[in-house]
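Beneath this line is the structure, given in structure tokens, with notes to follow.
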Amino acid sequence: MRKNNFALRLQPSLLEEAHKLAESEGVALNEFINVAVAEKRSALRTEDYFSKRVARANIPNALKILRRAGAGNPLDIETHELGLDMAERYGFSIYDGLIVAAAVRAGCAILYTEDLRQGQMIEKLQIRKPFAGS
């Protein structure tokens, strides 16, 4: 990996806040800023990706596919209970636990998300980041 030095001028209040956040995360300021820039880049790429996808969307065709797939699994009490269990067991937020539980109950093999660890296996479900390199 090639490293470059770059003089970064931040407003004093922003620099102070960045120092505090980096310290609370237990990382060096440089690493904190690198991660922040990478996350912003990822968000912009994601927005661009979905904008391009929406432009070529075929809504009637998508609805036809959904009708063929059936009604799916309802978000019932069992899914909620499994979601809470997943959140507690794996340290997920309740929201992420519910998403994982719904995917597990639906029999999915892969769950694409930016919010969980790449390659993590949960029962028979593999977590993948949609924009991660191969």
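The values are calculated or read from the model by the stated rules, or taken from the named source; none is laboratory data. Quantities reported herein were computed from a predicted structural model and do not represent experimental measurements. Note: ideal-geometry Cβ built from the backbone for every residue, glycine included; neighbour counts use all protein chains shown.
Assorted remarks:
- Only one entry of N61, N30, N34 meets the criterion of being over 23 Å from A101 (Cα atoms) and surrounded by 11 or more Cβ atoms within 10 Å (Cβ to Cβ), and that entry is N34.
- S93 meets each of the listed conditions (1) within 30 Å of K124 (Cα to Cα); (2) of a type in the set (S, T, N, Q); (3) modelled with pLDDT under 90 apart from (3).
- Residue within segment 18-26 that is in a loop (DSSP other than H, G, I, E, B), under 25 Å from the mean Cα position of the chain (by Cα) and modelled with pLDDT of 85 or more present: yes
- Scan of segment 94-127 for residues that are over 18 Å from A43 (Cβ atoms) and part of a strand (DSSP E or B), ordered by number: I110, L111, M121, I122, L125, Q126, I127
- Condition check for L82: more than 29 Å from H19 (Cβ to Cβ), of a type outside the set (D, E) and either assigned to a loop (DSSP other than H, G, I, E, B) or without any contact (Cβ under 8 Å) to a residue 24 or more places away in the chain (or both): yes
- Some residue of segment 50-67 being under 16 Å from the mean Cα position of the chain (by Cα) and in a helix (DSSP H, G or I): yes
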